[in-house]
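Q: The structure follows.
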Amino acid sequence: MNNPCEVQLKLFHNLIDKAANTEWGRKYEYSSINTPEEYRQRVPVSNYEVFKHYIERLQKGEQNLLWPSKIRWFAKSSGTTANKSKFIPVSREAITDCHFKGGKDLLSIYYNNNPDAQLLGGKILGLSGSLLPVGKNGNDSFNGDISAVLLKNLPVWISKNRVPHQSLALLEDWELKIEEVSKAVINEDVRNITGAPSWMLLMMKKVLEISGKANLSEVWPRLELFIHGGMNFEPYRRQFENITPANMNYMDAYNASEGFFAVQDRPQYEDLLLFLDHGIYYEFVPLDELNNEYPGSLTLDEVQKDIVYALVISTNAGLWRYLIGDTVRFTEIAPYRIKIAGRTKNFINAVGEELMIDNAEKALSIACERTGAVLSEFTAAPVYFQENENAAHEWIIEFEKEPVDMKSFSQILDTELKKLNSDYEAKRYNNMILREPVIHSAPEGTFYLWLKSKGKLGGQNKVPRLSNNRNILDEIANITNKRTES
């Protein structure tokens, strides 16, 4: 916080020096890079497709390609157009000096803000994904959610305070996992819950159902903190407040497969303190540079408040000038605090499904082809959890030619989205988080009328096709309803 730019510069030199003799480092002559400016000129900003070949070789057992230490863990993340899932390399340094260091700093900040906290006197409850061996080549490498990777590497001091047991936490069947974990933790002294709001809410409701209690304060009297991340918490806040102790604390963390980036260090504010000495060197691309072949970027000392930037990272696991896909806005620069502004592309991420526009367009294309439909325009947005109803994606579609069978169209769309996006597939499992899509057919000209109402007819103006809030969809639905009524 006191010397942010000096810390980042020192970390930059450390990363470049360590990777100089890797295959990537030799390709870009890291040994002769002396300044961030030389780095920006020599190494291109890259997406996952650039690293995919290297990662596939790492998964087959090759080493020293992107980072000098052995890579045997790969964090499964939502995919790109060409890949259902991405597999992010996770080094020993990334585990200890980024993810775990971020976790320790989070706890330190919480205790600093709450001197009377009794968090570590009891148990920490968290759900994780699962792990699978990489291929059948006999190497000791694993693919899995970052939560599962970290669970398998937990230090003893935190592992002994964590529930449930790994045998339950790593179950692949989420329906079974929720049931068994809920039974196993009811009699534990749980004081901290950590995880994605959608899954944790499901589990917390199951605990109440099994215990017959109305509030978690009756199950875990010393429960005091929920650490959340990965999606917008606000749609869930009210439901959490209804079933948790009145004095419950909430803390937001920006922790992704690629690293632990930031944490909410002030309870009364929603912005996040950017971690600058956790093995990640940051650059920031102005949005008007994103479509350039060689987008310009800014270092930490060059950013300004209240401007949205695409986040570019270089990490101690071998991602170099990697465009992560998130956008951030600085709320302060002394110290550096951020808010997550969104994604670099259209998306829906209401429950951690990370549905991208390329997934949506491809699935719609297949659904149209198989049902004889011709699509004109569409938009989609989340339906958030209700008290007795799971979340969903709601679609308004204007067809030039209606599908022969709308129900079949909906089923095909849902099936293809599952094939294209592993995170969507996981959330749709047995309707536990996401139920089937809700689809409405709009009268011809509906989207034109919306654009006209916004003064956006002509040129490059178009309706945003995916949104992570309901503003646009509700406006278009209102136009549709008025036209139908008239």
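The values are calculated or read from the model by the stated rules, or taken from the named source; none is laboratory data. Since the model is a prediction, treat every value here as computed from it, not as a measurement. Glycine gets a Cβ as well: all are built from the backbone with ideal geometry, and neighbour counts include every protein chain shown.
Q: Condition first: among the aliphatic types (A, V, I, L, M), over 24 Å from Lys213 (Cβ atoms), in a helix (DSSP H, G or I) and touching a residue at least 12 places away in the same chain (Cβ under 8 Å). Now tell me which residues in segment 151-179 satisfy that.
A: Leu151, Ile158
Q: Cβ contacts < 8 Å: first residue not assigned by TED's automatic domain parsing to the domain that holds Leu319 and surrounded by fewer than 13 Cβ atoms within 10 Å (Cβ to Cβ), restricted to segment 28-45; second residue among the polar types (S, T, N, Q) and in a helix (DSSP H, G or I), any location; separation 6+ or different chain. Result?
A: Close Cβ pairs (under 8 Å, with a partner that is among the polar types (S, T, N, Q) and in a helix (DSSP H, G or I)) do not exist here.
Q: Working only within segment 231-260, note down all residues that are hydroxyl-bearing (Ser, Thr, Tyr) and either modelled with pLDDT under 90 or surrounded by 18 or more Cβ atoms within 10 Å (Cβ to Cβ) (or both).
A: Answer for segment 231-260, where residues must be hydroxyl-bearing (Ser, Thr, Tyr) and either modelled with pLDDT under 90 or surrounded by 18 or more Cβ atoms within 10 Å (Cβ to Cβ) (or both): Tyr236, Thr244, Tyr254, Ser257.
Q: Report every pair of residues separated by at least 6 positions or lying on different chains whose Cβ atoms are under 6 Å apart, first residue within segment 222-240 and of a type in the set (Lys, Arg), second crowded, with 16+ Cβ neighbours inside 10 Å and in a loop (DSSP other than H, G, I, E, B).
A: Arg222/Gly122
Q: So, one more: Which condition breaks for Ser69 when tested against (1) surrounded by 15 or more Cβ atoms within 10 Å (Cβ to Cβ); (2) modelled with pLDDT of 95 or more; (3) in contact with a helix residue (DSSP H, G or I) (Cβ under 8 Å, 6 or more places away or on another chain); (4) closer than 25 Å to Asp326 by Cα?
A: Condition not satisfied by Ser69: (4).
Q: Say we look at segment 407-437 and pick out the residues that are more than 17 Å from Ala360 (Cα to Cα) and among the hydrophobic types (A, V, I, L, M, F, W, C); which of these is surrounded by the most Cβ atoms within 10 Å (Cβ to Cβ)?
A: Ile433
Q: Also, quick follow-up: Contact list please: Cβ distance under 6 Å, first residue in segment 1-14 and assigned by TED's automatic domain parsing to the domain that holds Tyr39 and assigned to a helix (DSSP H, G or I), second residue at pLDDT 95 or above and among the hydroxyl-bearing types (Ser, Thr, Tyr), pairs at least six apart or on different chains.
A: Pro4/Tyr336; Leu11/Tyr281; Phe12/Tyr281
Q: Sticking with this one: With the checklist (1) within 30 Å of Asn242 (Cβ to Cβ); (2) in a helix (DSSP H, G or I) in hand, flag the one item Ile412 doesn't pass.
A: Of the numbered conditions (1) within 30 Å of Asn242 (Cβ to Cβ); (2) in a helix (DSSP H, G or I), the odd one out for Ile412 is (1).
Q: If you don't mind, there's one more thing I want to ask. Filter segment 433-483 for residues that are within 26 Å of Ile412 (Cα to Cα), modelled with pLDDT of 90 or more and among the aliphatic types (A, V, I, L, M) and give the result.
A: Within segment 433-483, Ile433, Leu434, Val438, Ile439, Ala442, Leu466, Ile472, Leu473, Ile476, Ala477 qualify.
Q: Take segment 15-55 and flag every residue that is part of a loop (DSSP other than H, G, I, E, B) and among the aromatic types (Phe, Trp, Tyr).
A: Tyr28
Q: Pick from segment 360-409 the residues that are within 21 Å of Ile348 (Cβ to Cβ) and polar (S, T, N, Q): which of them is nearest to the chain's Cα centre (by Cα)?
A: In this case the residue turns out to be Asn390.
Q: Having 2 or more residues that are outside the structural domain of Ala392 (by TED's automatic domain parsing) and acidic (Asp, Glu) is the bar; report the helices (runs of 4 or more DSSP H) wholly within segment 180-284 that clear it.
A: 234-243
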